[in-house]
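Chemist: Right, I'll just put the structure down here and ask away after.
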Amino acid sequence: MDDCIFCKIIKGEIPSATVYEDDEFKAILDRFPANQGHVLVMPKKHIQNVFEIDPETAGRLYTLTTKIAKVMKETIGFENMNIVQNNGPVAGQTVQHFHVHLIPRYENDTVSVTWKQLELTDEQIEDMRKKLSKAII
Ligand code: AMP
Ligand code: ZN
């Protein structure tokens, strides 16, 4: 993808603060972080989002993500962590190249990863459960 900022970072056309890379994945510090130590893990291949990634690649990427999360905790010493992954502009994805956010969390920090909870009836929950359970193999 010619106009993808993460592809440009991967090709070395734009500088990045790389914390890890191998043949398949790259992990960088977010340039505009939610907190100190905010890391992004991405495939080197341009894959747009969860609807495009194959499960094997996603599995390897998440294995790497858990390893990096644990090393980050030991090294930085934060309290907790959010792992966030946005898929599509409506869902807040601003760079359309698959990436996982690892966001260190500290008591009383300014990060917000929340939503307003809907009040659904048991019937609405059951309708959705039936629809999905039938479709998911
Ligand atoms: P998302 O909104 O989930 O697509 O996340 C995109 C992330 O990329 C944001 O957290 C941005 O701060 C980050 N970002 C944008 N440009 C750069 C860059 N040049 N280097 C590192 N991170 C970037
Ligand atoms: Zn890309």
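The values are calculated or read from the model by the stated rules, or taken from the named source; none is laboratory data. Worth saying up front: this structure is predicted, and the values here are computed from it rather than measured. As a convention, Cβ positions derive from the backbone with ideal geometry for all residues, glycine included, and neighbour counts pool all protein chains shown. Note: areas computed on protein heavy atoms with side chains; ligands, DNA, RNA excluded. Shrake-Rupley method; radii C 1.70, N 1.55, O 1.52, S 1.80 Å.
Chemist: Going by the conditions given, is residue 59 open to solvent by less than 100 Å² (accessible area, probe 1.4 Å) and farther than 16 Å from residue 81 by Cβ?
Modeler: Here the answer is yes, as residue 59 does meet what is asked.
Chemist: How many residues are in contact with a helix residue (DSSP H, G or I) (Cβ under 6 Å, 6 or more places away or on another chain) and in a loop (DSSP other than H, G, I, E, B) if we restrict to segment 91-119?
Modeler: Counting residues in segment 91-119 that are in contact with a helix residue (DSSP H, G or I) (Cβ under 6 Å, 6 or more places away or on another chain) and in a loop (DSSP other than H, G, I, E, B) gives 2.
Chemist: Tell me whether segment 32-41 contains one or more residues that are buried (at least 17 other Cβ atoms within 10 Å of the Cβ), of a type in the set (A, V, I, L, M), in contact (Cβ under 8 Å) with a residue 12 or more places away in the chain and over 16 Å from residue 6 (Cβ atoms).
Modeler: Yes, some residue in segment 32-41 is buried (at least 17 other Cβ atoms within 10 Å of the Cβ), of a type in the set (A, V, I, L, M), in contact (Cβ under 8 Å) with a residue 12 or more places away in the chain and over 16 Å from residue 6 (Cβ atoms).
Chemist: On to the next question. Report yes if some residue within segment 3-19 is more than 16 Å from ligand 2 (Cβ to nearest atom) and aliphatic (A, V, I, L, M); otherwise report no.
Modeler: Yes.
Chemist: Filtering segment 1-31 down to residues that are part of a helix (DSSP H, G or I) and without any contact (Cβ under 8 Å) to a residue 24 or more places away in the chain, which residue is nearest to the chain's Cα centre (by Cα)?
Modeler: 9
Chemist: So, one more: Could you tell me whether residue 71 is surrounded by 14 or more Cβ atoms within 10 Å (Cβ to Cβ) and at pLDDT 95 or above?
Modeler: Values: surrounded by 14 or more Cβ atoms within 10 Å (Cβ to Cβ): no; at pLDDT 95 or above: yes.
Spelling it out, it is not the case that residue 71 is surrounded by 14 or more Cβ atoms within 10 Å (Cβ to Cβ) and at pLDDT 95 or above.
Chemist: Filter segment 33-90 for residues that are on the phi < 0 side of the Ramachandran plot, among the small types (Gly, Ala, Ser) and assigned to a loop (DSSP other than H, G, I, E, B) and give the result. Please lay out each step first, then the result.
Modeler: Start the filter on segment 33-90 by keeping residues that are on the phi < 0 side of the Ramachandran plot, which leaves 33-36, 38-76, 78-87, 89-90.
Keeping just the survivors that are among the small types (Gly, Ala, Ser) gives 34, 58-59, 69.
Scanning segment 33-90 gives a single hit, 34.
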